[in-house]
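What follows is a short report on a single structure.
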């Protein structure tokens, strides 16, 4: 049977993309100990480009490296992605291109800073951290190397969307106990930076921005003095001039041993149709909420969920419309964003699934035909994740693949236990196995099986991500 074609409520992505207004404030301070500033902050509001670099290598090298890095990124973006007059939504292809432009910009900066050290012996060992945000048409693109950070406060919740490339954090992510890691590595020992090596791996991230979002890009001279997320989150509710000054004062009051730099951004709506902007906001939050409720993605951090969201395609179905058909081949996992669906076999409803539920996850691993028909019970919006899209992400981000496959194995093991409970209970009540019972052996009473099922989740050790900290 031919797979039904959904109607698309949106052109190429899951949300509308209206232009936004960006309020931005930058501050940098030498601190209380050093006599020069090796940080460099750059903002080009026409380009939508915001950069913080923290140089290393001493007076003769660090401040030169940080400025050279930022200006190389600026020149690359000016050449490859000049600002456009149109506020039209970005196509999928253009979004991918802009992410690659920012990656290339940091790679170019790495080559320039490395050449600086090779050309001038006084600048040997020059390097810098670098975090850059490029915002275009309600889309944000991050390029990141080192331990400069980007925070996002959205809907009252604070998220660190960059990963520290320090030896300490790498050890913690590998599963080393914190006490051992802190004894072996200092917090400022970098595992990745711009300049020291011929090649550099650049972290990139593309995601939608929403009115009300507040971003903070800052050097470790600031975030090293922040005691907890709640403290920082409270500051990010203030006006941008107030919060930048307050954060720099806080770092100085607590020692000011390093240079302190911040760029604070706040996103404001710039839409002629407030209803469209409200719908866009609602769609983005619905998608992320649906993903966060999924057990398959329960181990992912917020920036990893943003990467999954980038791979999703929205599909809308009318009531009674088939989504997948029993016996058909398919390569997509589906997440229910809004609406409900019914799982059917032989015209009997086996289950009703609500927002946040998913179906079809085994299609990501195998080409076996679908075992049931799934039909929309009401107007329903789904988020489809194809095998090709998820494999590309896993290849680029193995940690996401490991977490996903780990959790998928848990889910499938739990479902096997559920099947055994169902079969045993049915046998106890009817005396004969039902014709559609799973073909697996059973042992023990139904009470013993139920007890085993309750203990299944406790039987799984947490993956490495849960042991960090």
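The values are calculated or read from the model by the stated rules, or taken from the named source; none is laboratory data. On a predicted model such as this, the values are computed, not experimentally measured, just so you know. Please note: Cβ atoms are built from the backbone with ideal geometry, for glycine as well, and neighbour counts cover all protein chains shown.
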Name the residues in the range 44-56 that are crowded, with 20+ Cβ neighbours inside 10 Å and either touching a helix residue (DSSP H, G or I) at 6+ places or on another chain (Cβ under 6 Å) or assigned to a strand (DSSP E or B) (or both), would you?
49, 50, 51, 52, 53, 54, 55, 56
Odd one out for residue 400, checked against (1) assigned to a helix (DSSP H, G or I); (2) farther than 30 Å from residue 174 by Cβ
(2)
Consider the range 363-395. How many of its residues are in contact with a strand residue (DSSP E or B) (Cβ under 9 Å, 6 or more places away or on another chain) and without any contact (Cβ under 8 Å) to a residue 12 or more places away in the chain?
0
What is the one condition in (1) under 25 Å from residue 140 (Cα atoms); (2) modelled with pLDDT of 85 or more that residue 119 does not satisfy?
(1)
Report the residue count in the range 243-273 for those that are over 28 Å from the mean Cα position of the chain (by Cα), within 24 Å of residue 187 (Cβ to Cβ) and outside any helix (DSSP H, G or I).
6
For the range 57-70, enumerate the residues that are assigned to a helix (DSSP H, G or I) and more than 27 Å from the chain's Cα centre (by Cα).
62, 63, 64, 65, 67, 68
Report yes if some residue within the range 196-206 is under 17 Å from residue 129 (Cα atoms), crowded, with 19+ Cβ neighbours inside 10 Å, touching a strand residue (DSSP E or B) at 6+ places or on another chain (Cβ under 7 Å) and free of Cβ contacts under 8 Å to residues at least 60 places away in the same chain; otherwise report no.
no
Which residue pairs have Cβ atoms closer than 6 Å, lie 6 or more positions apart in sequence or on different chains, and pair a first residue in the range 78-94 that is assigned by TED's automatic domain parsing to the domain that holds residue 133 and within 16 Å of residue 141 (Cα to Cα) with a second residue that is modelled with pLDDT of 90 or more and surrounded by 14 or more Cβ atoms within 10 Å (Cβ to Cβ)?
80/101; 81/98; 81/101; 83/47; 90/139
Just to be sure I understand, how many residues within the range 156-185 are within 28 Å of residue 115 (Cα to Cα), at pLDDT below 90 and in a loop (DSSP other than H, G, I, E, B)?
0
Could you list, in sequence order, the residues of the range 112-129 that are free of Cβ contacts under 8 Å to residues at least 24 places away in the same chain and either surrounded by 15 or more Cβ atoms within 10 Å (Cβ to Cβ) or not in a helix (DSSP H, G or I) (or both)?
120
Looking at the range 101-111, which of the residues that are free of Cβ contacts under 8 Å to residues at least 60 places away in the same chain and touching a strand residue (DSSP E or B) at 6+ places or on another chain (Cβ under 8 Å) is nearest to residue 69 (Cα to Cα)?
105
